[in-house]
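What follows is a single structure, written as structure tokens, with notes after it.
A short reminder: the numbers here are calculations on the coordinates, not readings from a lab. Remember, it's a predicted structure, so these values are computed and weren't measured experimentally. Every residue, glycine as well, gets a Cβ built from its backbone with ideal geometry; the counts of neighbours run over all protein chains shown.
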Amino acid sequence: MDDQQTGRPAPFAWPDADVSSVPYGVYTDRDLYALEQERIFRGPTWNFLGLEAEIPNPGDFKTTFVGDAPIILVRDADGAVNAMVNRCAHKGALVCFKPRGNVRELTCVYHNWVYDLAGNLTGVAFKRGVGGKGGLRDDFDQKDHGLQRLRVDIHRGLVFGTFSAAMPAFADYIGAELIASIDRVLIKPLRVLGYHSQILPNNWKLYAENNKDSYHASLLHLFHNTFGVVRPTMGGGIKLSDSGWHHLSYTQREALADDHIGKEKVRSMSESYKLRDSTMMQHTLELGDLVTNSIQTVFPTLVVQQILNALAVRQLIPRGVDRSELIWTVLGFEDDDADMAELRLKVNNLVGPAGLISMEDGCVGGWVQRAAKADPTARSIMPMGGRGIEPSQGSRVTEAAVRGFWKGWRECMGI
Amino acid sequence: MHGNLTVSHDLDADLVLRARVEALCAAYAHVIDDDRLEELPALFTDDALYRVQTRENHELGLPLALMYCDGSAMLADRVTAMRTANIFEPHVYCHSTSALRILRREGAGWRARSNFSIIRTMSDGESMVFACGKYLDLIVEVDGALRFRERVAILDLRRVDTLLVIPV
Ligand code: FES
Ligand SMILES: [Fe+2]
């Protein structure tokens, strides 16, 4: 298929009509990586930028990335949240080189150009030159030289940005069913408990796929089975958005006689197993149901996670064709009491770069990456649960959501 | 931000105490580097706190830890999980520890701080600097031997390469 946006030929042709098989070249091809920046990250997608709770006050900013593009997320004097490309309109230097802070305006230190918190250029050093010599010509209009803005949409304190003018609102992007599952988890004002960052030795898509791969969970991550975390009575399933791009995978346990949903009820999930101290497996039912695990993806690179009482958003940032960074923003609620604060810290032993049930995801993508580079035309297959993006109630033994990822990737890429 | 750094200078001259604390810190490093992790919990009191935290979270005053063991039993569970459940590419650490200072007495124990760097070598033979940072310790005497009542490892790094399974 030809490159729809630039007329260049796409560097790559999809071999089949469907998305149940993927050529390994998608993980190693540098031209495809560059095209992904244009067509996915700067294309028709909503990308996670941060949390409102990270920038509560006027002038608070944080820096982040959408694909390779460095981004400033800032709250302006009126309380509005703005997002701009972190690249000075003059010579392109990073305007903010610190990860976070509070500013009255944005000043590029290279030649001291100044922007307001909406990205408008408000000051140019030596604009009139010195002693009547040098400086800007009269036809230079500051209005034409602001920072590049992204559109912003906020849902339940999660801030998303898009480069695309034509995008529907975020809620329409992921659809009502998946909005409901975000709302199920983010029920109250959020508090950031901390950050993890993890370098994954693989192309970003291998981690994006891994999150949607509900098939591997009980096979690769043996902690569950070894320590009896998943009981045979557990149910669950996966849901896909109508587009197939986004998904939810969840596990739900059977009600027990002494469950009091919605009340402060702590239950150890592993009373009789091999852990000497099972407090990290305790679960306070705080969300009004018996769901123990809920992993939700927003195409291309966001995960919203509930694992017992460990809540987090994970943002995936590509760092070159064979490397990516995963940033975990670990959450609690503003009104957590001391016991809940302590429980969350303990449960977080299960997740993150050192997570007892998640650490394998840090290395498994690298194993694919190392094997994939030998032959870009050889292919993986994803036959579990059919060839399309059919949902699966009651079973997570399906690769439908991974196929949904590839459907989204092809639609964005025009490949 | 860096804990109470008040120093009592008379401890600098207590060379016997210093030698004993150094021996505990070296024992910790050797147990890890020689892959005798089953012996690690015994270097801690039963009620010990062991945390591995990034400097970023520590300095922002955020409580999240990479590893958080409240009691040596949780540390033992981490070792059990690593041996029986977790899957990762085999690798070893080599700790270098330095700049030990016994800062002051606290209760029946001593506050100490030291620096560390860890070279990680993978099974293919490649080594890299995996982490560096500082240990903030509370050390107590139990039955005539020194033990960690608290060991907080603050990592300068923000990004963990691939995964963290062996205690820092
Ligand atoms: S590059 Fe920013 S002012 Fe020159
Ligand atoms: Fe996984």
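Things worth noting here:
- Here A:Ile187 and B:Arg158 are evaluated by their C-beta separation; at R0 = 51 Å the FRET efficiency comes out at 0.95.
- Overall shape of the protein assembly as shown was characterised from the C-alpha gyration tensor. The equivalent ellipsoid obtained from it has semi-axes of 40, 33, 24 Å, in decreasing order.
- Distance histogram in 5 Å bins (all Cα pairs of chain B, percent per bin): 1, 8, 17, 22, 22, 16, 9, 4, 1, 0
- Helix B:72-84 vs. chain B, principal-axis angle (Cα, 0 to 90°, nearest 10): 20 degrees
- For the range A:47-154, the gyration tensor built on C-alpha atoms gives a prolate shape. Its axis ratio a/c (a ≥ b ≥ c) is at least 1.5, and a/b is the larger of a/b and b/c.
- In Hz, Karplus ³J(HN,Hα) per residue of the range A:133-138 (6.51, -1.76, 1.60; θ = phi - 60°; x = Gly, Pro): 10, x, x, 7, 6, 5
- Neighbour-limited loop hits for chymotrypsin sites (Phe, Trp or Tyr not before Pro), the range B:1-90 (at most 15 other Cβ within 10 Å; DSSP other than H, G, I, E, B): none
- Considered as an equivalent ellipsoid built on the Cα gyration tensor, the range A:175-413 has semi-axes of 29, 19, 18 Å, the largest given first.
- Orphan Cys of chain A, criterion: no other Cys C-beta under 4.7 Å: A:Cys96, A:Cys363, A:Cys412
- Projecting label points 7 angstrom from Cα along Cα→Cβ for A:Ala93 and A:Glu254 puts them 6.6 nm apart.
- Helix A:176-185 axis, angle to chain A major axis (alpha carbon atoms, nearest 10°): 80 degrees
- Folded to 0 to 90 degrees: helix A:360-372 orientation relative to chain A principal axis, Cα: 70 degrees
- Residue exposure sequence - A:Met359, B:Met128, A:Met340, B:Met74 - by fewest surrounding Cβ within 10 Å: B:Met128, A:Met340, B:Met74, A:Met359
- Each listed q (0.27 Å⁻¹) maps to a log10 I(q)/I(0) for the range A:341-415 from the Debye sum over equal C-alpha point scatterers, namely -1.12.
- For A:Lys373, a cut-off of 21 angstrom between C-alpha atoms picks up these lysines, skipping any fewer than 8 places away in its own chain: A:Lys205.
- Pairwise FRET efficiency - A:Ala13 versus A:Asp337, Cβ, R0 = 41 Å, nearest 0.05: 0.10
- From its DSSP helices (H runs of at least four residues, each -39,500 (n - 2.57)), chain B gives a residue-normalised ellipticity at 222 nm of -7000 deg cm²/dmol.
- Once each of the chymotrypsin sites (Phe, Trp or Tyr not before Pro) sitting in a DSSP loop with at most 15 other beta-carbon atoms within 10 Å is removed, chain A keeps A:274-415 as its longest stretch.
- MRE, 222 nm, helices only [DSSP H, n ≥ 4, -39500 (n - 2.57), over chain A, to nearest 500]: -5000 deg cm²/dmol
- The lysines whose alpha-carbon is closer than 25 Å to the alpha-carbon of A:Lys274, local same-chain residues fewer than 8 away aside, are A:Lys265, A:Lys346.
- Placing a pseudo-label 7 Å from each Cα along the Cα-to-Cβ vector at B:Asp14 and B:Met82 gives an inter-label distance of 3.1 nm.
- In this label model, A:Asp242 and A:Phe126 are separated by 5.8 nm, measuring between points 7 Å along each Cα→Cβ vector.
- In straight-distance terms, cross-link reach from A:Lys91 covers every one of the lysines whose alpha-carbon lies under 18 Å from its own, apart from those fewer than eight places away in the same chain; here that gives A:Lys127, A:Lys143.
- Relative contact order of chain B, pairs being alpha-carbon contacts under 8 Å that are 6 or more residues apart, as %: 25 percent
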